[in-house]
1. Among the residues of the range 58-89, which ones are part of a helix (DSSP H, G or I) and touching a residue at least 12 places away in the same chain (Cβ under 8 Å)?
2. Can you say whether Ala309 is under 24 Å from the mean Cα position of the chain (by Cα), among the small types (Gly, Ala, Ser) and assigned to a strand (DSSP E or B), as far as the supplied structure shows?
3. Return the total of residues in the range 242-256 being of a type in the set (S, T, N, Q) and in a helix (DSSP H, G or I).
4. Output the number of residues of the range 273-299 satisfying the condition of being more than 24 Å from Gly203 (Cα to Cα) and without any contact (Cβ under 8 Å) to a residue 12 or more places away in the chain.
5. So which of Ala205, Ala185, Ala201, Ala214 ends up being of a type outside the set (S, T, N, Q) and either under 14 Å from the mean Cα position of the chain (by Cα) or within 16 Å of the ligand (Cβ to nearest atom) (or both)?
6. Just wondering, is there one or more residues in the range 40-59 that are touching a Pro at 6+ places or on another chain (Cβ under 8 Å), surrounded by fewer than 19 Cβ atoms within 10 Å (Cβ to Cβ) and at pLDDT 95 or above?
7. So if I check each of Gly240, Gly264, Gly244, Gly258, which one is under 28 Å from Thr129 (Cβ atoms) and without any contact (Cβ under 8 Å) to a residue 24 or more places away in the chain?
8. Test Thr278 against the criterion of being touching a strand residue (DSSP E or B) at 6+ places or on another chain (Cβ under 6 Å) and either buried (at least 23 other Cβ atoms within 10 Å of the Cβ) or on the phi < 0 side of the Ramachandran plot (or both), and give yes or no.
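The values are calculated or read from the model by the stated rules, or taken from the named source; none is laboratory data. For clarity, every value in this text was computed on a predicted model and none was experimentally measured. Glycine gets a Cβ as well: all are built from the backbone with ideal geometry, and neighbour counts include every protein chain shown.
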Amino acid sequence: MQKITVHTSAPYDILIGGGLLEEAGERLAALAPGAAVAVVTDDQVDRYYGDALLESLRRSGIRAAKYVFPHGEASKSLPSAERLYQFFSENEITRKDLAVALGGGVAGDLAGFAAATWLRGVRYVQIPTTFLAAIDSSVGGKTAVDIPAGKNLVGAFWQPSLVLCDPRTLDTLSDKDFADGAAEAIKYAAIFDRPLLDLLADGRARERLDTVIARCIQWKREVVEEDERDTGRRQLLNFGHTLGHAIEKLSHFSVSHGQGVAVGMVELTRRTEALGLTEPGCAEILAKALAAYRLPTRYEGGLGELCPAILGDKKRKGGRITFITLQTLGHAVLTDVDAGKIAPFLGAE
Ligand code: GLY
């Protein structure tokens, strides 16, 4: 088992290792002796792992109740958070108690947001069951729900008290869902860690999951410790995301997050190579690694059609958009572009 401690405003441990799901009871009893636990999960994850978690909690004498919501992004909403508050109320969850997010990004964001706001903040634990959640959303304390005006517009920075990452729970992921996480792992490699890119490039990340997860989390830990509230270096984690979010949005979310980020990273890097900002050849190396997980790497429309969605992005700061660009593989920088110059920057005059 590996342990990584994140030194944020409230420090917490991330444990990575096979069998942690079954050990959750002991770990939570040690974290919060006497606490009751509200498990928050979706109907799909519940089928695979809900009982194992509940049994583990009960074996450790923990009073536990489970809230199951319909899987999918539509559950990351204010009405859904309100139903969860009602559940917390019925189960008498107090500030001494714990919420536990069991699942992917939606479970983590919804449970984290509800925990951040219930009684002005109760502690929560993340148990990620997707590759994407394991290496990204379960760490760093970004919690949110969506509103009609956009994704993640309502939320809070609220750090978990513990993250239990059991890579065995990733065995049930389809190749497509696994690929969404692979896109984010390749993102960490592209911005920080060229040797990690070489490790991922053969398409066989599943065979070395513990190593890959720990390496990605080490990077995330480093930037989150330096910039907990995402005003500086943490923004590097958005490499590929400005184009990626626009692509997802224009496809009405038929393109997944990982697919959008994959295309976004490569298309942006093709452009920044053409502009002389990036060492030539990086885009093709990135594209090959992504293609090894059957991720797309080309946007079939012109990048110009993404401009309106980019200009509506919540990360816009006044008249400027911050793009994350590669100088070379393993080294990324923040590049501010005037809103009026986005089209030429993307090669769409
Ligand atoms: N997913 C990007 C971040 O946590 O900052």
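1. Residues satisfying the conditions are Arg58, Arg59, Glu73, Ser75, Leu78, Ser80, Ala81, Arg83, Leu84, Tyr85, Phe87, Phe88.
2. For Ala309, the condition - under 24 Å from the mean Cα position of the chain (by Cα), among the small types (Gly, Ala, Ser) and assigned to a strand (DSSP E or B) - is not met.
3. The qualifying residues number 1.
4. 2
5. Exactly one residue qualifies, and that residue is Ala185.
6. The answer is yes, given that some residue of the range 40-59 is touching a Pro at 6+ places or on another chain (Cβ under 8 Å), surrounded by fewer than 19 Cβ atoms within 10 Å (Cβ to Cβ) and at pLDDT 95 or above.
7. Going through Gly240, Gly264, Gly244, Gly258 in turn, just one is under 28 Å from Thr129 (Cβ atoms) and without any contact (Cβ under 8 Å) to a residue 24 or more places away in the chain: Gly244.
8. The answer is yes for Thr278.
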